[in-house]
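Only the coordinates and a few stated rules stand behind these numbers; no lab work does. These numbers were taken from a predicted model, which means no experiment stands behind them. Quick reminder, even Gly has a Cβ in these numbers, built from the backbone with ideal geometry, and neighbours come from all protein chains shown.
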Amino acid sequence: MIHLTLIIVDFLTGLLAAGAWALASAGGAIAALVGGGLLGMSFFRRWRRKG
């Protein structure tokens, strides 16, 4: 009985860790996209002022 409980707890902990990792990597990707877009807009505005 104890072994089964340990397996279930281990599985749930792994699932939680995988979910947290997926959320963190998705958050990082979204932050990179937003940051890249803002940087691109800044460069575009500077380029338009010179032209």
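Report the calculated FRET efficiency for residue 15 and residue 46 (r = Cβ-Cβ distance, R0 = 35 Å), to the nearest 0.05. My answer for the efficiency is 0.15. Cα-based radius of gyration for the chain, normalised by 2.2 N^0.38 Å, reads 2.25.
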